[in-house]
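To start, the structure under review is shown below, and the notes come after it.
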């Protein structure tokens with residue numbers, strides 16, 4: 001049966017009838033580059049301490065990446081969606097990147113996160129320490145053959161004393177890369193430790209510094225992904241980028257309009273929400289390439305309420321919703337996460353994910369989704 005009894009606010013319950021959506025089909029020749037930032041599947045039977053241990057189910061983790069590649073999407077590997085900085089440490093991240101690069105089919109699109117997360121921020125950490133940390137990770141990532149996504153650094157925020165320190169770090173690190181990188185400006189709503197990135201808490205002032213860094217190193221910059229959850233700020237920056245430098249939207253609230261673009265340009269995509277809505281994203285991008293804007297909107301617009309719910313504040317816990325969707329849709333056989341992050345969202349939050357995903361027609365097999373949902377809610381005290 002594809003009927004569920006789910007909790008609602010106030011301690012009551014309400015019935016939900018799940019309906020079947022379309023089966024995802026591989027994309028054609030798209031006019032946008034599209035990366036899905038992919039999650040990792042935890043090993044639920046490993047004997048690890050959630051606070052210190054990391055155990056990954058490599059078979060299921062790689063199988064999910066093949067699912068994304070089969071639809072035509074690229075994989076943004078070892079990013080914050082993979083719980084980088086929230087359970088996934090640097091050694092495991094590098095292992096993940098190596099395995100993905102080795103397992104990727106010919107022609108598969110992949111770029112991988114390099115940062116400084118092995119360097120613990122502190123009063124004794126210098127700018128030279130940050131540079132060395134970045135260079136070590138970048139060298140390791142490029143050694144796998146992957147393009148680098150240069151992730152924002154908590155250690156740099158703590159060590160920097162002015163915007164000039166950011167210019168120094170990025171100029172040095174970018175100059176040593178073998179191929180152009182994608183920069184990642186991750187806002188404080190995703191990671192509070194990154195507040196004031198680029199040397200200023202005001203995003204528009206910070207943007208000036210970031211644009212100067214890009215202009216000074218344009219030959220080494222493929223593009224930039226900004227995750228500020230502001231369409232206006234992304235468009236403003238997009239219009240100021242040097243020729244040949246791409247904007248990759250990281251805006252999980254406003255992605256349909258930003259990808260569609262306007263008369264002055266458009267954004268490519270590097271999005272965590274593409275992990276759970278891969279099929280809809282594929283249909284939307286195929287429709288856009290055909291010039292069918294009605295079909296583009298029909299595929300994308302119903303997914304926006306779900307995305308805004310999954311990424312609601314505190315936004316850094318969005319990974320719980322992403323993995324819950326992966327479990328419901330059969331990409332893993334359990335709702336367990338690295339560092340026990342499955343407990344980071346409430347039972348009401350998970351119930352609303354089911355309703356919104358159903359509204360967006362994301363479920364291919366409603367009976368199987370219902371079968372998987374029941375034990376999760378029963379374990380949380382709900383009779384479903």
Exercise. How about the stretch 253-271: which of its residues are within 20 Å of the chain's Cα centre (by Cα) and either part of a strand (DSSP E or B) or buried (at least 21 other Cβ atoms within 10 Å of the Cβ) (or both)?
Worked result: 255, 258, 259, 267, 268, 269, 270, 271
Exercise. Which one of 227, 153 is touching a residue at least 40 places away in the same chain (Cβ under 8 Å) and either more than 28 Å from residue 96 (Cβ to Cβ) or crowded, with 20+ Cβ neighbours inside 10 Å (or both)?
Worked result: 227
For this session: Could you grab me the full set of residues in the stretch 219-236 that are touching a helix residue (DSSP H, G or I) at 6+ places or on another chain (Cβ under 7 Å) and either closer than 10 Å to residue 186 by Cα or in a loop (DSSP other than H, G, I, E, B) (or both)?
Result: 226, 228
For this session: Kindly check whether there is at least one residue in the stretch 53-74 that is over 23 Å from residue 273 (Cα atoms) and surrounded by fewer than 18 Cβ atoms within 10 Å (Cβ to Cβ).
Result: yes
Exercise. Just to be sure, is residue 319 under 25 Å from residue 340 (Cβ atoms), under 22 Å from the mean Cα position of the chain (by Cα) and surrounded by 21 or more Cβ atoms within 10 Å (Cβ to Cβ)?
Worked result: yes
Problem set entry | Flag if residue 331 is under 19 Å from residue 83 (Cα atoms), modelled with pLDDT of 95 or more and touching a helix residue (DSSP H, G or I) at 6+ places or on another chain (Cβ under 9 Å) | yes
Problem set entry | Subset tally (residues that are crowded, with 20+ Cβ neighbours inside 10 Å, touching a residue at least 60 places away in the same chain (Cβ under 8 Å) and assigned to a helix (DSSP H, G or I)) for the stretch 340-384 | 8
Seminar exercise, completed: Within the stretch 73-89, the residues that are in contact with a helix residue (DSSP H, G or I) (Cβ under 7 Å, 6 or more places away or on another chain) and either farther than 27 Å from residue 280 by Cβ or without any contact (Cβ under 8 Å) to a residue 40 or more places away in the chain (or both) are 78, 87
Seminar exercise, completed: Only one of (1) part of a helix (DSSP H, G or I); (2) within 18 Å of residue 357 (Cα to Cα); (3) out of contact with any strand residue (DSSP E or B) (no Cβ under 8 Å at 6 or more places or on another chain) does not apply to residue 330, and that is (1)
Exercise. From the residues in the stretch 188-215 that are free of Cβ contacts under 8 Å to residues at least 60 places away in the same chain, part of a loop (DSSP other than H, G, I, E, B) and in contact with a helix residue (DSSP H, G or I) (Cβ under 7 Å, 6 or more places away or on another chain), which one is surrounded by the most Cβ atoms within 10 Å (Cβ to Cβ)?
Worked result: 188
Seminar exercise, completed: Considering residues that are without any contact (Cβ under 8 Å) to a residue 60 or more places away in the chain, in a helix (DSSP H, G or I) and surrounded by fewer than 24 Cβ atoms within 10 Å (Cβ to Cβ), the number found within the stretch 272-307 is 11
Exercise. Can you pull out the helices (runs of 4 or more DSSP H) entirely within the stretch 43-156 that have at least 2 residues that are within 27 Å of residue 25 (Cβ to Cβ)?
Worked result: 58-70, 90-103
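Could you please let me know if residue 22 is modelled with pLDDT of 95 or more, surrounded by fewer than 22 Cβ atoms within 10 Å (Cβ to Cβ), more than 17 Å from the chain's Cα centre (by Cα) and not in a loop (DSSP other than H, G, I, E, B)? Walk me through how you get there before you give the answer.
Working: modelled with pLDDT of 95 or more: yes; surrounded by fewer than 22 Cβ atoms within 10 Å (Cβ to Cβ): yes; more than 17 Å from the chain's Cα centre (by Cα): yes; not in a loop (DSSP other than H, G, I, E, B): no.
For residue 22, the condition - modelled with pLDDT of 95 or more, surrounded by fewer than 22 Cβ atoms within 10 Å (Cβ to Cβ), more than 17 Å from the chain's Cα centre (by Cα) and not in a loop (DSSP other than H, G, I, E, B) - is not met.
The values are calculated or read from the model by the stated rules, or taken from the named source; none is laboratory data. Fair warning: this is a prediction, and the values are worked out from it, not measured in the lab. All Cβ positions, even for glycine, are placed from backbone atoms using ideal geometry, and neighbour counts span all protein chains on display.
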